[in-house]
1. Roughly what would the spin-label model give for TYR184 and TRP163, points 7 Å off Cα along C-beta, in nm?
2. Points 7 angstrom from Cα along the Cβ direction at LEU89 and VAL63: gap in nanometres?
3. Within the range 12-117, report the trypsin sites (Lys or Arg not before Pro) that DSSP leaves as loop and that have at most 14 other Cβ atoms within 10 Å.
4. State the extension gain, in nm to one decimal, for the chain segment bounded by TYR97 and SER314, taking 0.36 nm per residue of separation less the distance between their alpha-carbons.
5. Using the Cα centre of the range 5-117 as origin and beta-carbon charges of +1 (Lys, Arg) and -1 (Asp, Glu), tell me which of ILE71, LEU113, SER29 is placed farthest towards the positive end of the dipole.
6. Using only protein heavy atoms and a 1.4 Å probe, report how much of ARG339 is accessible, in Å² to the nearest 10.
7. Can you tell me how much longer the chain between VAL393 and ILE211 gets when fully stretched, taken as 0.36 nm per residue apart minus their C-alpha distance, in nm with one decimal?
8. Are there any chymotrypsin sites (Phe, Trp or Tyr not before Pro) in the range 57-98 that are in a DSSP loop and have at most 11 other Cβ atoms within 10 Å? List them by number.
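The values are calculated or read from the model by the stated rules, or taken from the named source; none is laboratory data. Because the structure is predicted, anything quoted here is derived from the model rather than measured. We place every Cβ from the backbone using ideal geometry, glycine too, and count neighbours over all the protein chains shown. Protein only, heavy atoms only, side chains kept; ligands, DNA and RNA dropped before computing areas. Shrake-Rupley method; radii C 1.70, N 1.55, O 1.52, S 1.80 Å.
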Amino acid sequence: MSLFPKIEKITKDVTVIHFLLMFGYKLFSLYFPLFLVANNLSFHQIGYTYLLIYLSIAIFSPVVGYLSHKINPAILAFLGILGYGAYSLGMILTPLYEQNYFFILFYLWQFFLGFSAALFSTSFRGILMESSLKKPSRAFGWFYSAPFCAASLAPVFGAFFVWKFGFVGVFIFSLIIHFFNALYCIFKLRFPKKDSSSSSLNFFTARKSYISLFKKIKEKEVIFFFIVSFAVLFLAGIYKAFFILFLKDSIGWGQDFILFFIALFSFLFMPIAFWTIKKLGKKNLFKNVFQGGILTGLSTMILGVAPSFLGFFSVLLINFGKSAGELITSSARSGLIHRKLNFHPKEAGVIDAIFRPTGIAIGSLIAGIFVSYLGYELLFIVFGGGVVFVTLVGGFFIFR
């Protein structure tokens, strides 16, 4: 019996490139809220930062989906990786400007990062959607596990560079990783030439494809599946914006201890991610998304109940549950899209690419608005409980 889950060649190539991209990004992304606080951004501005990143992904994904009919998706992904590198360079140069110019340039760079992410994620999802996958949930489990696997190593290096050289050092290291990954992508991927029908593709034919996809999504079992998945992503947006600050302000951990915690969590979560991927291929898609939603919501509620009593290991275990739930739900959602919507694979990839950033963007925005009134604890309890409620209602209709 193999220790690792099976993986097709195209899935392996896509996952390796995704791993390298996330390695370069997660060198600093997990600590990014500390960078924002150091540059005097308020809670609202932190929420706006993540809103800009993920909303721009959602905005540009349909454009990239259209372009993927005309241009080799590997080339679009290559340009997206270069964009990540340019963003790292921008984060080095932007703090050198005066405060007024800093905010203008800073927000423009967040928008640019979203555009780069749309190039990459939409292109790669389209590649997977068009591939013949024996186990779609497992294949997308590999794709979504790449950030977790990258995070098992990247925060260790990132913590060292932040501690030794500050954020400038870690942004330089990130820039180097993205440059070599872009070269690897363009030489490694071999993808078929553009569709024979691409020359006749226009706005109206693309519109018809999306309309037929949305008719399928409106089916009862699919729409509730999407609602539960969206609730989990909404919660992920809250985590991305304020989990690190929660550790700092509510539990009282210092920056160095937070760096150590994130590095250790990411390293220990990698075998859990592999185990989760193996289980994804054995269970029904609907059971996967239901279990993932319950696990994510309950973990978040527990985190907010009594932070003053939470120790290092209890926070670690809670974060394991939340991250495993998110991985299960996201993989199941993409697997369902592959199974139900693959009659228009590129457009299905666009829908999948839009779905995740939209949920995270809205979650970050709402959290930025309400955190000042509710506090971190009540924020986690209210929205974590909301995810559990939505999952139970959605599960009732799905299984019935």
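1. With each label point 7 Å from Cα toward Cβ, the separation is 2.5 nm.
2. My value for the distance between the label points is 2.0 nm.
3. LYS70
4. Values: separation 217, 0.36 × 217 = 78.12 nm, distance 4.18 nm.
Length difference between fully extended and current span is 73.9 nm.
5. The Cα lying farthest towards the positive end belongs to ILE71.
6. Estimated to the nearest 10 Å², ARG339 gives 140 Å².
7. Working: separation 182, 0.36 × 182 = 65.52 nm, distance 2.69 nm.
Once the chain is fully extended between VAL393 and ILE211, it gains 62.8 nm.
8. Details: sites: PHE60, TYR66, PHE78, TYR84, TYR87, TYR97; in loops: TYR97.
When the chymotrypsin sites (Phe, Trp or Tyr not before Pro) of the range 57-98 are filtered for loop state and at most 11 Cβ neighbours within 10 Å, nothing remains.
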